[in-house]
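The values are calculated or read from the model by the stated rules, or taken from the named source; none is laboratory data. Since the model is a prediction, treat every value here as computed from it, not as a measurement. Every residue, glycine as well, gets a Cβ built from its backbone with ideal geometry; the counts of neighbours run over all protein chains shown. Accessible surface areas use protein heavy atoms only, side chains included; no ligands, DNA or RNA. Shrake-Rupley method; radii C 1.70, N 1.55, O 1.52, S 1.80 Å.
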Amino acid sequence: MEDCPAVALSPDGRWLTARSFNGGFVLCDAATGEVRMHETFHTMAFGPSFSPDGHRFALVADDVLRIWTLPAFNEALAPTPLQSLVGPGAPLMPRFSPDGRQLAVFDPWGGVHLIDADSGAQVQPMIERNRIPSLADFLPDGRLVVSGWRTTELISLETGRTTILAVGGFAQMSANADGTRMLTLSEDGGVRLW
């Protein structure tokens, strides 16, 4: 696949994905390299996000959230149009929660939308933010880390409370299994262990 800005490996190491700027998306068997699924969308796909058990993956393309089961490759639920949740513009970055029951979908204006992974229904009202996320992911304890152009925040989904972790955005982050330590790579190249 040409012009490939993102790849992902499933947590169990069985599947890998790649997406292109022109709407192409492939899912391959990681052991053999065999292409098991190939889709072409009108817009660039965002994601994918694999469930923690590796049995499902989600992506957003053409303003629609899609969730597939693996290895059957059939959609786990009907594609969920996100326009009613996020308004016009492409939703970004679907992320499975650590228990695999919810997805967080981030819109271009900084809103965080929690979606039930089984039904596609919105779980709670949108958490409003005023910053476009450059990186967003769950910590193992279920809290969200959202990094924007100017700040990086920790969001409690139970209370909606936001705590600013740092001034400046992160390009990458990784957390340990219980969420007590986090390693971040800032957009200026600095590495920090929290």
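Mind checking which residues of segment 49-92 are open to solvent by 20 Å² or more (accessible area, probe 1.4 Å), at pLDDT 80 or above and not acidic (Asp, Glu)?
Of everything in segment 49-92, those that are open to solvent by 20 Å² or more (accessible area, probe 1.4 Å), at pLDDT 80 or above and not acidic (Asp, Glu) turn out to be 50, 52, 55, 56, 66, 69.
So which of 44, 1, 37 is of a type outside the set (Lys, Arg) and modelled with pLDDT of 80 or more? Walk me through how you get there before you give the answer.
On the way: 44 fails: modelled with pLDDT of 80 or more; 1 fails: modelled with pLDDT of 80 or more.
Just a single option satisfies the conditions, and that option is 37.
Before we move on, is residue 175 under 21 Å from residue 7 (Cβ atoms), crowded, with 19+ Cβ neighbours inside 10 Å, modelled with pLDDT under 75 and not β-branched (Val, Ile, Thr)? Before the answer, list the steps.
Details: under 21 Å from residue 7 (Cβ atoms): yes; crowded, with 19+ Cβ neighbours inside 10 Å: yes; modelled with pLDDT under 75: yes; not β-branched (Val, Ile, Thr): yes.
When the stated conditions are applied, residue 175 passes them.
Mind listing whichever residues of segment 4-24 are hydrophobic (A, V, I, L, M, F, W, C) and either over 17 Å from the mean Cα position of the chain (by Cα) or at pLDDT below 85 (or both)? Working first, answer last.
In the first step, residues of segment 4-24 are kept if they are hydrophobic (A, V, I, L, M, F, W, C); the result is 4, 6-9, 15-16, 18, 21.
Once the filter is applied, which keeps residues that are hydrophobic (A, V, I, L, M, F, W, C) and either over 17 Å from the mean Cα position of the chain (by Cα) or at pLDDT below 85 (or both), segment 4-24 yields 4, 6, 7, 8, 9, 18, 21.
Among what's in segment 109-128 and is open to solvent by 30 Å² or more (accessible area, probe 1.4 Å) and touching a helix residue (DSSP H, G or I) at 6+ places or on another chain (Cβ under 9 Å), pick the residue that is modelled with the highest pLDDT.
Ranking the candidates gives 122 first.
Are there any pairs with C-beta distances below 9 angstrom linking a residue in segment 93-104 that is within 13 Å of residue 140 (Cβ to Cβ) and open to solvent by 30 Å² or more (accessible area, probe 1.4 Å) to a residue that is assigned to a loop (DSSP other than H, G, I, E, B) and acidic (Asp, Glu), with the two at least 6 apart or on different chains, and if so which?
98/141
Is one or more of the residues making up segment 19-30 open to solvent by 80 Å² or more (accessible area, probe 1.4 Å), out of contact with any helix residue (DSSP H, G or I) (no Cβ under 9 Å at 6 or more places or on another chain) and under 17 Å from residue 72 (Cα atoms)?
Taking segment 19-30 as the starting set, the residues that turn out to be open to solvent by 80 Å² or more (accessible area, probe 1.4 Å) are 21-22.
With out of contact with any helix residue (DSSP H, G or I) (no Cβ under 9 Å at 6 or more places or on another chain) added as a condition, the list becomes 21-22.
If we keep only those that are under 17 Å from residue 72 (Cα atoms) too, we end up with none.
No, the conditions are met nowhere in segment 19-30.
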